[in-house]
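Got a structure for you, written out below as structure tokens; questions coming shortly.
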Amino acid sequence: MSKVLRVNMTDLTFKWEKLKPEQEHLAGRAFTSHIVSTEVDPMCHPLRERNKFVVSPGLLAGTYAPSSGRVSVGAKSPLTSGIKEANAGGLTGTRLARIGVRGLILEGAPPAASKDWYTLLVGKDKCEIVKKNEYAGLGTYDLIARIWKEYPSKPGIIGCGLAGQRLQKAAGVFGNNVENTDAGRYAGRGGLGAVLGSKHVVAIVSDDTGGAVPAAKENDRFDAARKTFVKSLDAHPITGKLKDDKGKPFGALKNYGTNVLQNILNEAGGLPTRAFHEGRFEGAAKISGEAVHELVDRTRAKHGDKAQGTYGHACHPGCVMACSNAVPYEDTGKLQVSPLEYETVWALGTNLGISVLKDVAELNRLCNDLGVDTIETGNTLAMLMEAGMIKFGDGPAAIAALKEAYNPKSYLGRLVCSGASTTGHALGVTRIPVVKGQSLPAYDPRPIRGIGVTYATNPMGADHTSGYTIAAEILGIKGKVTDPRDLKKADLSRAFQSTTAYLDSSGYCLFVAFCVLDDDAGFKAMTDTVDSFLGKKIDVTEYGTAVLKAERGFNQRAGFTERDDRLPEFFRTEKLPPHNVTFDVTDADIDAVFKGF
Amino acid sequence: MAHGARAVDDPYEFGMTHLAQHMHEATAQGPPRIEIHLYGELRSLVPGSRPDEDTVMWVAHVMNETFEQLTSRMGLTPEQLGDCFIDGTLAKKSDIVPSGARVALFPYNMVLLCGGQHLKGHGYTRGELDVDYY
Ligand code: SF4
């Protein structure tokens, strides 16, 4: 029986609550956005006691459905001042789900003068709020190692690093990986790490001792569906097995990770390069997924058993697609960072003109250790470059700037953790790539205009995953669009955003989409797992639309209008080579996405 | 457009090895050519290529040749190909490859992931679709 844990950080108390009838089918993003939109005053300061920090494992987390163990966190965002949900893999989704926790709501905050820091220990039918001042101020690599030493049950951990503890807007929520070697499983976006920091909580530790695999209402149907789904995923060239029958690389995600996109977007001319000045990067191949694959093979050959690099790595127990990786130092074969994925390589590499793989991985490691979102931080460093304070392409200078963040007295250190908008404005930059205060990710909206509409309109600020482009045919929407630069994007953007909201709530990783896109049996199996788990038929679009409505409603009450659904001016005025196009979707077309919401 | 007999005839005689060797002559001035960027297992068409560097091959341009004809001339079948591009635009089988084009060939297991699915519908990874949608 799922329940909700409500923790009050003002008086350090907690209580268990039953799920309300209207919450029975809500989990993941649907749950966090439901709580934030119904319980948080949209006008509250996001870093004070009236905001709430909500955690919810996806609906199928903890079950044997493949790649379904994601966990969502939500709050009013200090970066966008609107509603926010971010999700990640790691252990926490599975651990919480197996002890029956559908949601964890952190509310209130210790008095402003308090210097105390806390850790939350959540177990089966138990919760402890433990004062742990010694955990504050640590880098996350040290922090997670200490926690596992102290709690040998191999718990899930999510928390905030130095940046979150200092209430900085680029702070993400870290999560430990399955091996506890890296805190790189980030629900990174929207500054939610700072919300956790405002509650004086460094870590939420979840222990599933005594727990059980959540049971589906229609168990036989669920079992059959999940098995069919595994087969579909395994057979697909994107999500499938590592090697084919001849021993050649097969599944793209397992072999190259999401960073297979580096070369593809480069060839498409939509890879934002050097702060969105160009659409192609001459150094893309050096930092691509293929380059990481080769580095791993090379260090394995050189260091044998001592080599810690890998690809085909699962970010949470039960992920069969395994797009994650562990990048080794070439000279020792030891782990440098895990994972190194596309958006990060773009933000900290391509976007900064840096093509030295080791430098990009080091920037990623520093972000993980400090507790900041890589996309936001990459865009922030790009503002330093745009302002002429660091040269584009200077990896060591970017690393030195980020290391400043360890010094609490460094102004530069504070700035690099404050997000691109704050930093860009402070430095007099007029090309700041943000929507609703949040940085754009790794697809330039000028040649890829549909994603531009999603950046502009989704309630979370510029976010590719919110309007993840599940193929239109899944939703039964067909048409005669023959040019990707076609301008009529409203219906599709809305449909994709709804479907994404459904997936973000199910616990499934968005990447199941590649398979369900190409395989009708896979799509049916996926929806069957959800329906049989709940014992009722869920309409994908209806479910997702309800989530979006709650989110848009919150933002409207927070004062957002259509004017906030706009890309920065320079995307309309500066042409992006090689296609030499601007973003010229009309405001009316953009506003059509949520007309009548 | 200047097309010598060699530019028209030779390409169909080239086996893979010859094509690869031909690459080394390609930067010299000569008949119009197409610049082909290869990825994944297709890099093996150029001996000595590395996955962390650009792998580029130049082949002679053939007037009015379609993308399907070009790849077939290279000995590649549609099943071997993922998302491919001509000058940054997703290539369809019937597209004419212009002289001097930059063509990018990705193998079947390299396709656009999130943010790019709308560029699909090109007839390779999912043949029956007639739409380019998100
Ligand atoms: S495909 Fe990648 S991101 Fe998705 S759940 Fe698996 S390892 Fe995590």
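The values are calculated or read from the model by the stated rules, or taken from the named source; none is laboratory data. It should be emphasised that the depicted structure is a prediction, and the values quoted were computed from it without experimental measurement. No Cβ is skipped: glycine too gets one built from the backbone with ideal geometry, and neighbour counts run over all protein chains shown. Just the protein is used for accessible areas: all its heavy atoms, side chains included, with ligands, DNA and RNA removed. Shrake-Rupley method; radii C 1.70, N 1.55, O 1.52, S 1.80 Å.
Residue check, A:V356 against (1) more than 10 Å from the ligand (Cβ to nearest atom); (2) touching a residue at least 60 places away in the same chain (Cβ under 8 Å); (3) open to solvent by less than 30 Å² (accessible area, probe 1.4 Å), all met but one. Which one?
Checking A:V356 against (1) more than 10 Å from the ligand (Cβ to nearest atom); (2) touching a residue at least 60 places away in the same chain (Cβ under 8 Å); (3) open to solvent by less than 30 Å² (accessible area, probe 1.4 Å), the one that fails is (3).
Then there's this: What tally of residues in the stretch A:389-434 results from selecting those that are part of a helix (DSSP H, G or I), in contact (Cβ under 8 Å) with a residue 24 or more places away in the chain and surrounded by fewer than 16 Cβ atoms within 10 Å (Cβ to Cβ)?
Number satisfying all stated conditions: 2.
Can I ask one more? Which condition number does A:R274 fail, the rest of (1) surrounded by fewer than 24 Cβ atoms within 10 Å (Cβ to Cβ); (2) in contact (Cβ under 8 Å) with a residue 40 or more places away in the chain; (3) facing chain B (nearest Cβ under 7 Å) being met?
(3)
Exactly one of these conditions fails for A:S68: (1) within 20 Å of A:G419 (Cα to Cα); (2) open to solvent by less than 10 Å² (accessible area, probe 1.4 Å); (3) within 16 Å of the ligand (Cβ to nearest atom). Give me its number.
(1)
Is there any pair with a first residue in the stretch A:238-265 that is in the same structural domain as A:G289 (by TED's automatic domain parsing) and among the β-branched types (V, I, T) and a second that is away from the ligand (no atom under 12 Å from the Cβ) and in a helix (DSSP H, G or I) whose Cβ atoms are under 7 Å apart and which are 6 or more apart or on different chains, and what are they?
Here the result reads A:V260/A:G289, each pair linking the stretch A:238-265 to a residue that is away from the ligand (no atom under 12 Å from the Cβ) and in a helix (DSSP H, G or I).
Grab the helices (runs of 4 or more DSSP H) fully contained in the stretch A:487-595, keeping just those with 1 or more residues being touching a residue at least 40 places away in the same chain (Cβ under 8 Å), within 13 Å of chain B (Cβ to nearest Cβ) and within 16 Å of the ligand (Cβ to nearest atom).
The qualifying helices (runs of 4 or more DSSP H) are A:490-506, A:512-518.
Still on this structure, I have one more. Please go through the stretch A:305-315 and pick out each residue that is within 9 Å of the ligand (Cβ to nearest atom) and buried (at least 24 other Cβ atoms within 10 Å of the Cβ).
Matches in the stretch A:305-315: A:C315 only.
Do we have any residue at all in the stretch A:188-211 that's at pLDDT below 95, in the same structural domain as A:N8 (by TED's automatic domain parsing) and not basic (K, R)?
Among the residues of the stretch A:188-211, at least one is at pLDDT below 95, in the same structural domain as A:N8 (by TED's automatic domain parsing) and not basic (K, R), which makes the answer yes.
If a residue has to be farther than 13 Å from A:P459 by Cα and aromatic (F, W, Y) to count, how many in the stretch A:531-571 make the cut?
4
Output the residues belonging to the stretch A:281-296 that are open to solvent by 50 Å² or more (accessible area, probe 1.4 Å) and either facing chain B (nearest Cβ under 8 Å) or outside any loop (DSSP other than H, G, I, E, B) (or both).
The answer is A:K286, and nothing else.
If I filter the stretch A:223-264 down to residues being hydrophobic (A, V, I, L, M, F, W, C) and open to solvent by 20 Å² or more (accessible area, probe 1.4 Å), which single residue comes out as nearest to A:F281 (Cα to Cα)?
For the stretch A:223-264, the residue satisfying everything is A:F250.
Consider A:K217 carefully, then state whether it is open to solvent by less than 10 Å² (accessible area, probe 1.4 Å) and among the charged types (D, E, K, R).
no
Residue-wise test of (1) more than 16 Å from the ligand (Cβ to nearest atom); (2) part of a strand (DSSP E or B); (3) buried (at least 23 other Cβ atoms within 10 Å of the Cβ); (4) away from chain B (no Cβ under 14 Å).
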| site | (1), (2), (3), (4) |
| --- | --- |
| A:R298 | yes, no, no, no |
| A:H303 | yes, no, no, yes |
| A:P317 | no, no, no, yes |
| A:M321 | no, no, yes, no |
| A:A326 | no, yes, yes, yes |
| A:T332 | yes, no, no, yes |
| A:L340 | no, no, yes, no |
| A:E343 | no, no, yes, no |
